Amino acid sequence: ITGLSLQVRTSVDFIYDNSISRRYNDTYTIADRGKYYVNNSNSSEINNDFLLNYIKNITSDISINASVGGNLLTQKWYYINTGNTELLKPNLFTVGNAFKLTAYEGGATKKLNSLYGFATIGFRNYLFLDVTARNDWSSTLPPESWSYFYPSVGLTWVVSDMIKTLPGWFTFAKLRAS
């Protein structure tokens, strides 16, 4: 079909962060007998989307540019961190040598699904009606309000393209309301 195109994309991102911090005894930092921290975290994001576009001049006066699309986004996080207030044996940096060991572990998953559409209807290439709509479904919201919709409508008038008898110094004028 002339004027019809489809774009489909997928992206995947992974981040791994593993860090160790050693604070030696008898340094300028306050580290009685030394301190030892181990931090491990990872995160991932998978993003899938599609966009179907249609562009056509319906008549010599009327044009349309319309698109519909969607997106599936999944994000995941996980971390585990250990630390201590001091070491049992000075400057022996192992978790088993930690005095008053603290540990934190957690994670989360977030999903966001979206559908959207937008269209521009042009008249004689100087008057344009723009209509958009989008609906998102987010896993981070309570089930009774996890879906949210936001539409918009706009009108653009390119005055300088409509009125051809403008003074030479008047090269471009546009009015827009939405």
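Observations
- One residue stands out in the range 132-157 among those that are more than 18 Å from the chain's Cα centre (by Cα) and at pLDDT below 95: the one that is nearest to I121 (Cα to Cα), namely S145.
- Failed condition for S60, given (1) polar (S, T, N, Q); (2) touching a strand residue (DSSP E or B) at 6+ places or on another chain (Cβ under 9 Å); (3) free of Cβ contacts under 8 Å to residues at least 12 places away in the same chain: (2)
- Summed over the range 135-178, residues that are in contact (Cβ under 8 Å) with a residue 40 or more places away in the chain and either out of contact with any Asp or Glu (no Cβ under 9 Å at 6 or more places or on another chain) or of a type in the set (D, E) (or both) total 0.
- Screening R9, R33 for residues that are surrounded by 13 or more Cβ atoms within 10 Å (Cβ to Cβ) and either part of a loop (DSSP other than H, G, I, E, B) or at negative phi (or both) leaves exactly one candidate, R33.
- Just one of the listed residues (N71, N47, N65, N57) is surrounded by 15 or more Cβ atoms within 10 Å (Cβ to Cβ) and either over 20 Å from the mean Cα position of the chain (by Cα) or of a type in the set (V, I, T) (or both), namely N65.
- Candidates are the residues of the range 131-167 that are charged (D, E, K, R) and surrounded by 14 or more Cβ atoms within 10 Å (Cβ to Cβ); the one that is nearest to W77 (Cα to Cα) is D136.
- Matching residues, the range 84-130, being loosely packed, with under 15 Cβ neighbours inside 10 Å and among the β-branched types (V, I, T): T85, T94, V95, T102, T109
The values are calculated or read from the model by the stated rules, or taken from the named source; none is laboratory data. Predicted model only: the values in this text are computed from it and were never measured. Every residue, glycine among them, receives a Cβ derived from its backbone with ideal geometry; neighbour counts consider all protein chains shown.
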